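**Student:** To start, I am sharing the structure in question, which I have written as structure tokens.
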Protein chains: 2
Amino acid sequence: MASPNHIRRAADVVAARRARGDTVAVVVSAMGEATEDLAGLARDLSRAPSRREMDMLLSSGEQVTIALMAMALRELGLESRSFLGSQVRILTDSVFSKAHIREVETSRLEAYLATGGIPVVAGFQGVDAEGEITTFGRGGSDTTAVALAAALGADECQILTDVDGVYTTDPRLVPEARRLERITFDEMIELASQGSRVLQIRAVKFAGKYNVPLRVLHMSGQGSGTLITYEEPDVEAPVVSGIAFNRDEAEITVTGVPDIPGAIAAILRPVSDARIQVDMIVMNSPRDGCMDLSFSVGRDDYAEALALAGKSAAALGAGEVRGNDQVAKISIVGVGMRTHAGIATRLFETLADQEINVRMVSTSEIKISVLVARSDMESGVAAIHRSFELDRPDSS
Amino acid sequence: MASPNHIRRAADVVAARRARGDTVAVVVSAMGEATEDLAGLARDLSRAPSRREMDMLLSSGEQVTIALMAMALRELGLESRSFLGSQVRILTDSVFSKAHIREVETSRLEAYLATGGIPVVAGFQGVDAEGEITTFGRGGSDTTAVALAAALGADECQILTDVDGVYTTDPRLVPEARRLERITFDEMIELASQGSRVLQIRAVKFAGKYNVPLRVLHMSGQGSGTLITYEEPDVEAPVVSGIAFNRDEAEITVTGVPDIPGAIAAILRPVSDARIQVDMIVMNSPRDGCMDLSFSVGRDDYAEALALAGKSAAALGAGEVRGNDQVAKISIVGVGMRTHAGIATRLFETLADQEINVRMVSTSEIKISVLVARSDMESGVAAIHRSFELDRPDSS
């Protein structure tokens, strides 16, 4: 929602869905720079604004767009009405600025849908048990949309974005990148968690958990976009569906961690308690009663995580704590990996050909991630895209 | 609240009150042009925006300022927390954009005040029994402040504005105008209802009803401003306290109204049902079973009121309906009028000296209002200010 014109066009898309007989509920985010403008005001007044007050402040952005969207829909002759998160109600825990949804009450929305109205619901925001406004953090409007689709038992949750679907990798980096017609939740979760910015990972997880078919579409409403479902790709499906990457990673290594029960948890617990996402975790086999533990975090959280790890290491009597925030992550994702051998080997060979050092590795059933120097990221992604022939629709 | 700087300065005023030991609750309005900007977005999307959606939209403005004000107070080391109308809760009827307060629940605020915190409450907005956001119309933040002061049993309700008090008349029109140290609720209500823009009339009525001493102050917090209370002015008090005026008036006359019971109500009821304020009402003595009814409304409501009067007149079999929206109102106000004779005479003589025609007159115990041509308003106010010697502190 960048401007009144965007709202008008989104209203047209909703009206078109409606005209073909669909029952529609709409979730909107704040307008373009509104959230950043509000955050700027807060920074002007306070060095460390209270998170509660930030949620109060930022949630006003969606309040503006839901009212405008309802007006735009009414102007098209449709019955429409806006709903705040607290009015729906979208119940969350009380973790301001990073709240999690506990329950979506649907009685009010269902009653309104039954009258033929189009509810327009504020994304990104909920309300806790005490009536405090909470927000979900970046991209939280996608999460709202999926949670609502799940709660209402919707046939499909369509996310209108500025791209026309999910690509094999970022087309700005690799011009040969292709739009995927469909992809599984698992693949999309891996892609999203590995840095693909199309959808927020929590939204995809929600969609997978409640089996809500999710479609990523251009905001014009045109094209089929990319459908994200549980269905397995057919046997002809490619081994690797896509490549994700994240420029802003940091790694932290604690050496000489005593090999006693709970030592790893003692280091990682304070970090996760601070709501810092720990991504890759690597440890070597203990030697002389000690081991080295490495983990990666987002670059924004680097300083805090490093300090927390330092404290824990000191308390444990561990050795040195080292860090590096000039690293990036590349991930290849594909459900086909399950049944194909040698994918990791091909990946490492490709990187070796480019003389790219791999600093950390982490694998899951359908994903392999590597941490590399930030300066190597672009050439690495391009080489992997070629190597796995993702530019060819029939690659396998 | 025009900018972050205004918020910071208002926070300083609150901190100063607090430092001298006062228990303080703060009510804030939206930032400077925020409300107008939002209304502009709505007009861009809809020719006749739903009032419910307008309230949803506009109430976001105060949501921004309460969060920012709480942040500014916290930055000064004070404990503070923002509250929406729906969180307080300020219960209203369901008349969107012109809602009336039914009840102010104080339990949450009192609990918070008891902890030493400074609650920052959103002005202008409330919530109806169904949880819908309502707004109070123009100047509604003053109303919130007084309603809250009354509900909390505050010693004084201070309204920080861009003027340093209530004046004998608008100093922009009459440079000799003087600030009044004190004035009664009744006088202030008359001044406010007659066009003085310092305070919203509903706020003053509320203050009078619950006997909340109201002080109008400059936003710097400096000076004693003007105190509005029930106390009668002493015997030395001036006969006329102030002159109010309103440029944007319109008059409507229905001729040949049948002199039957309910005829006047039949004409005025549809107008007031449309929430149009009817101000002056004048009728002549019936002759030949018919009378002429004239009344004044705000210029914004002129077209609608004229149409409604036309319909009612036709239904009643009345004569012609005439209107004029090029008129203005001048009012002189003073509790001293009760005990002084000849005030009206002096007023009419003054206007006659200026060759100003009086089109309509209405009097109350402490006020005389006249409707004149708009082009005569300024010279009329200046002449009356001189004539009643309002420029002299000891005038009587």
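**Student:** According to a simple spin-label model (label point 7 Å from Cα along Cα-to-Cβ), what is the distance in nm between residue B:9 and residue A:48?
**Tutor:** 3.0 nm
**Student:** Sort B:326-332, A:255-261, B:372-378 by the packing proxy (mean of other Cβ within 10 Å over each peptide's residues), most packed first. The partial results should precede the final answer.
**Tutor:** On the way: B:326-332: 23.7, A:255-261: 14.7, B:372-378: 17.7.
Put in order of decreasing packing, that is B:326-332, B:372-378, A:255-261.
**Student:** Give, rounded to the nearest 20 debye, the magnitude of the charge dipole that segment B:4-229 has about its Cα centre when Lys and Arg contribute +1 at Cβ and Asp and Glu contribute -1 at Cβ.
**Tutor:** On the way: 25 positive and 29 negative charges, 31 e Å.
Roughly 160 debye for segment B:4-229.
**Student:** To continue, here is another question. Just list whichever of B:98/B:367; B:205/B:311; A:98/A:209; A:98/A:205; A:329/A:367 have alpha carbons separated by over 22 Å in the model shown.
**Tutor:** Pairs exceeding 22 Å: B:98/B:367; B:205/B:311.
**Student:** Here's a follow-up. For the Cα atoms of chain B, what angle does the longest principal axis make with the long axis of helix B:377-387, in degrees from 0 to 90, nearest 10?
**Tutor:** Taking Cα atoms only, the helix is inclined about 90 degrees.
**Student:** Further question: Given a cut-off of under 8 Å on Cα pairs at least six residues apart, what relative contact order in percent is computed for chain B? All intermediate terms of the calculation are to be shown ahead of the outcome.
**Tutor:** Details: 828 pairs, mean separation 51.8, N = 396.
Relative CO of chain B lands at 13 percent.
**Student:** Identify, for chain A, the residue whose C-beta comes nearest the rotation axis onto chain B, and round that distance to whole Å.
**Tutor:** A:60, 2
**Student:** Could you list B:188, B:280 in order of exposure, starting from the residue whose Cβ has the fewest other Cβ atoms within 10 Å?
**Tutor:** Details: B:188 30, B:280 19.
Listed from fewest to most nearby Cβ atoms, that is B:280, B:188.
**Student:** Given R₀ = 41 Å, FRET efficiency for residue B:340-residue B:19 by Cβ-Cβ distance, to 0.05?
**Tutor:** Details: r = 45 Å, r/R0 = 1.09.
Here the calculated transfer efficiency is 0.35.
**Student:** To continue, here is another question. Once phi is turned into θ = phi - 60°, what whole-Hz ³J(HN,Hα) does the Karplus curve with 6.51, -1.76 and 1.60 give for every residue of segment B:29-40, x standing for Gly and Pro?
**Tutor:** 9, 6, 6, x, 9, 4, 4, 5, 4, 5, 4, x
**Student:** Amide H to amide H under 5 Å from residue B:319: which residues, 5+ apart in sequence or cross-chain, H placed 1.01 Å off N in plane?
**Tutor:** Close amide H contacts, sequence-distant or interchain: B:255, B:256, B:257.
**Student:** Once amide H atoms are built 1.01 Å from N in the peptide plane, which residues 5 or more positions from residue B:157, or in another chain, come under 5 Å H to H?
**Tutor:** Result for residue B:157 returns B:214, B:215.
**Student:** Between copies, how far does the label point of residue A:181 sit from its twins, in nm, shortest first, when each point is 7 Å from Cα along Cα→Cβ?
**Tutor:** Those label-point separations list as 8.8 nm.
**Student:** Report, for residue B:300, each distance to the same residue's label point in the other copies, shortest first and in nm; define the point 7 Å along Cα→Cβ.
**Tutor:** Going from nearest to farthest copy, the values are 4.2 nm.
**Student:** To continue, here is another question. Cβ under 14 Å from residue A:127's Cβ, residue A:127 left aside: what net charge do those residues give with Lys, Arg +1 and Asp, Glu -1?
**Tutor:** Values: positive: A:52, A:89, A:102, A:108, B:89; negative: A:55, A:62, A:93, A:103, A:105, A:128, A:130, A:132.
Summing Lys/Arg as +1 and Asp/Glu as -1 gives -3.
**Student:** Let me ask you something else. Between the helical axis of B:140-152 and the dominant principal axis of chain B, each derived from Cα atoms, what acute angle in degrees is found, rounded to the nearest 10?
**Tutor:** In chain B, helix B:140-152 runs at an angle near 60 degrees to the longest axis.
**Student:** Skipping prolines and chain starts, which residues have an amide H placed within reach, meaning under 5 Å, of the one on residue B:134, given they are 5 or more residues away or on another chain?
**Tutor:** Close amide H contacts, sequence-distant or interchain: B:126, B:127, B:128.
**Student:** Related question: Within 10 Å of each Cβ in A:80-91, how many Cβ atoms from other chains are there, averaged over the peptide?
**Tutor:** Values: counts 2, 5, 6, 2, 7, 0, 6, 7, 0, 1, 0, 0.
Mean shielding by partner chains, rounded to a whole number: 3.
**Student:** Find, to one decimal place in angstroms, the Kirkwood hydrodynamic radius of the protein assembly as shown, where the mean of 1/r is taken over every pair of different Cα atoms and then inverted.
**Tutor:** Result for the protein assembly as shown stands at 30.8 Å.
**Student:** Let me ask you something else. How far is the Cα center of segment A:281-322 from the Cα center of segment A:90-146, in Å?
**Tutor:** Segment A:281-322 and segment A:90-146 have Cα centres spaced 37 Å from each other.
**Student:** I've got another one for you. May I ask you to derive the relative contact order of segment A:2-105, considering only C-alpha pairs under 8 Å and at least 6 residues apart, and to give it as an integer percent? Please report the intermediate quantities before stating the final value.
**Tutor:** Working: 92 pairs, mean separation 26.8, N = 104.
Normalised by residue count, the contact order of segment A:2-105 is 26 percent.
**Student:** How far, in nm to one decimal, is residue B:17 from itself in the other copies if the label point is set 7 angstrom along Cα toward Cβ? Shortest first, please.
**Tutor:** The answer, with the shortest distance listed first, is 4.7 nm.
**Student:** Give, as a single signed number, the net charge of other residues whose beta carbon lies under 13 Å from the beta carbon of residue B:355, with Lys and Arg counted +1 and Asp and Glu -1.
**Tutor:** Numbers: positive: none; negative: B:349, B:353, B:376.
Computed value for this residue: -3.
**Student:** Suppose every K and R has +1 on its Cβ and every D and E has -1 on its Cβ; what is the size of the dipole of the protein assembly as shown about the Cα centre, in Debye to the nearest 20?
**Tutor:** Values: 80 positive and 110 negative charges, 60 e Å.
Rounded to the nearest 20 debye, it is 300 debye.
**Student:** Shifting gears a bit: Over all residues in B:37-47, what is the mean tally of Cβ atoms on other chains that come within 10 Å of each residue's Cβ? Mind dumping the intermediate values first?
**Tutor:** Working: counts 1, 3, 0, 1, 9, 6, 2, 8, 14, 8, 2.
That works out to 5 on average.
**Student:** If you don't mind, there's one more thing I want to ask. Give me the percent relative contact order of segment A:242-387, please, defined on Cα pairs under 8 angstrom at least 6 residues apart.
**Tutor:** Working: 273 pairs, mean separation 44.2, N = 146.
The value is 30 percent.
**Student:** Need the full-extension length gain, residue A:179 to residue A:322, defined as separation in residues times 0.36 nm minus the C-alpha distance. One decimal, nm. Write down the numbers at each step before the final one.
**Tutor:** Working: separation 143, 0.36 × 143 = 51.48 nm, distance 4.00 nm.
Here the answer is 47.5 nm.
**Student:** Which value in deg cm²/dmol, rounded to the nearest 500, describes the helix-derived mean residue ellipticity at 222 nm for the protein assembly as shown, given -39,500 (n - 2.57) per DSSP H run of n ≥ 4 and division by the residue count? Walk me through the numbers before you get to the answer.
**Tutor:** On the way: 24 runs with 288 residues, N = 792.
Estimated from H runs of four or more residues: -11500 deg cm²/dmol.
Throughout, read-outs are computed from the coordinates displayed, never taken from laboratory work. What you see is a predicted model, and the numbers here were worked out from it, not measured in a lab. As a convention, Cβ positions derive from the backbone with ideal geometry for all residues, glycine included, and neighbour counts pool all protein chains shown.
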